[in-house]
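As structure tokens, the structure follows; a few thoughts come after it.
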Amino acid sequence: MFGGGRPFPGVAERAAEVSSLVAEMAAAAASGTTRGGLDLVVLPELVASPPGPVASLRALSLDDPVFEVYRAVARRHGTYLVVTLDLAEDGVVSNAAVLLDRAGAVGGVYRKAHPVAAAGSSSFEGGVTPGSSFPVFACDFGAVGIQICWDVMYDDGWRALAEGGAEVVAFPSASPATVRTAAHAARHRYYVVSGTPRDNAAVYEPSGLMAARVLGAGILVHELDLSYVVLGWSEALRDGLAFRDAFGDRAGYHYSAREDVGLFWSDDPATPIDVMAARLGVEDLRDQVARNASHA
């Protein structure tokens, strides 16, 4: 996050800022994760583009020299990088998120399906054309989808990404709002990683719980396990203590007694999390819901 209210420093200056921030992220990942590397960077909405009322004057193309800076950042740190900008393509401007792969090549582009029109106006964001597809990108660590800011108000993209097999949804945004983001994560059973300019850049778990966030300017680095179970309340679970008693530090979890739900994962390569859950006689919340629905 860059901190709310800061003026845009310039296209080249912003690319340099991003380069510095990603270097900080890579250093934190190398010192604080079991893999020892940075896999995915999510930046706030329109991070690369200058402000202004006319989309065509804000827009950059993938051939713009400044984009080579972002490509170099991805290559230097061997990470996937989600760069957001007003993207100019053949006379059309979209509010887009470009996914760069670890080699700095374009792995795919998502174009915001729900840009915003001001009250009384039919112009989206000064001339932006809405996107119409919701691709899921195959990364070497898992399947990634993307939604952008106002997309959070609509379910079509989030649902399509779930149907497409997304495991993580990158969510570049201009807003610090959390409730709808958490609801999409819970409803569609994937992680959501948000980048915002102010407050609540966060990681949401498939349980709907917020795993981590940062307030104010700064970076957030968090490790995810894409193999997990989501468990609701049961007497046998004891708010997660059953896992601690049975498996000690071989299992990890985040459980909210307030919400009666938690995310559980295995830290033991020899014992997958579904095996642990079966040994305790607890069932994934999705299975529990389906079983009860079958008797409705």
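So here's what we get for this one:
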{"quantity": "Largest-first principal axis extents, alpha carbons of the stretch 229-293, Å", "calculated": "34, 22, 15"}
{"quantity": "Value of relative contact order over the chain, rounded to a whole percent, pairs C-alpha under 8 Å and six or more apart", "calculated": "14"}
{"quantity": "Helix-only mean residue ellipticity at 222 nm for the chain, each DSSP H run of n ≥ 4 adding -39500 (n - 2.57), per residue, nearest 500", "calculated": "-8000 deg cm²/dmol"}
{"quantity": "Likely footprinting exposure, Ser194, Ser132, fewest C-beta neighbours within 10 Å first", "calculated": "Ser132, Ser194"}
{"quantity": "Ranked list, fewest to most other Cβ atoms within 10 Å of each Cβ, for Ile273, Ile146", "calculated": "Ile273, Ile146"}
{"quantity": "The stretch 184-296: relative contact order in percent, alpha carbon pairs under 8 Å with at least 6 residues between", "calculated": "20"}
{"quantity": "Under the Debye formula (equal points on every Cα, no solvent term), log10 I(q)/I(0) of the chain at q = 0.14 Å⁻¹", "calculated": "-1.03"}
{"quantity": "Rh by Kirkwood over Cα pairs, then Stokes-Einstein D for the stretch 153-240 at 1.002 mPa s and 20 °C, µm²/s", "calculated": "156"}
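Throughout, read-outs are computed from the coordinates displayed, never taken from laboratory work. Remember, it's a predicted structure, so these values are computed and weren't measured experimentally. Neighbour counts run over all protein chains shown; Cβ positions are idealised from the backbone, glycine included.
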